[in-house]
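What follows is a short report on a single structure.
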Amino acid sequence: MGAVGVVQASQFLGAVKSPPGLSSLTQHTQLVGSSIRRKNSIHTQPSLHINCAMGGPRSAGMDRPRRRPNFDRPSGEKPVPPPPPPPEPLTGAVKYKLSDTCTMVIWKGDLGLWYIDGQNDAVVAPANKRCNAGYGVDGTIHRFAGPRLLDTCQKLPDVAPQGIKCEVGQAVITRGFNLQASRVIHAVGPVYEEKNRDESEKMLTKAYVAALNLATSNGIKYIAFPALSCELYGYPHDEGAEVGLTALRKNWAGFQEIHFVLKNPDAYEAWLDEAKRMWRFG
């Protein structure tokens, strides 16, 4: 076909016109069909398979969303936990005279800062049965004492399978290392059970008494307690204060000073309220 034939064919095709409205109707039908296909995930084009980063083919149009890269730290570097809050100094001391030779003091602040003379004093850590560095007050004491405290705890003899160093209601003693107090007494209190409150009270009393007896047998004259079994182990502050102060009141012999150092404001108030109640009524 020559150039004339091409021109004639173009003129012929151009002369054939669609009926009025047919063009717009066709476009509308195509748009509707396209939206239905998208809604029903109908692919009219052949799929192109590629190898994904996880190793395996998948359709090019169905890539999973990529994970947002972390620009905060270099690749492969482990996240760094936030630093612990600064220690809270000891304030709000309230004193009670237990006898002519023994005084009780209730403080608000961090137990790791407490000491008397660095020779005859001990802090009580609310330990777990493996005597590992736990959370809360126990973790604070380990941070103050340094890594040698954990090394020493791990070398304690096992008293039960699976690395148990101390049973519930018992206590063990170690050096204080970087603490200003000379010793650490690791006392294991119970997890609070509301349905079995009598047993919880019995085991918590045993933990306090075990710590006091261990201290006197090692020549400790000054001892400081946290709120054993409160916070992480769920013991209510008011009940914990009653158990702790009752145990102290019956087992103070041999000490010159017995302290409670409580960082939690609710625990501090509960101990003050219970001490006022006990000593008010004798």
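The numbers here are math on the coordinates, done by the rules we state, and not lab data. Values in this document were obtained by computation on a predicted structure and should not be read as measured data. Because the Cβ atoms are built from the backbone with ideal geometry, glycine has one as well, and the counts that use them run over all protein chains shown.
Put simply, the C-alpha atoms of segment 231-282 give a gyration tensor, and the ellipsoid matching it has half-axes of 19, 13, 11 Å, longest first.
Shape summary of segment 193-282, radius of gyration then Dmax from alpha carbon positions: 12.9, 39 Å.
Taking the three principal axes of the alpha carbon atoms in segment 95-280, the coordinate ranges are 46, 42, 28 Å, sorted in descending order. Mind scanning 165/195; 95/221; 95/202; 108/206; 165/263; 165/250 and naming the pairs with a C-alpha gap bigger than 23 Å? Pairs exceeding 23 Å: 165/195; 95/202; 108/206; 165/263; 165/250.
Considering only 144, 191, 162, the residue lying farthest towards the positive end of the dipole of segment 135-199 is 144, judged by Cα position with unit charges set on Cβ.
Per-residue extension of 0.36 nm, minus the Cα-Cα distance of residue 194 and residue 249, leaves a gain of 17.3 nm for this segment.
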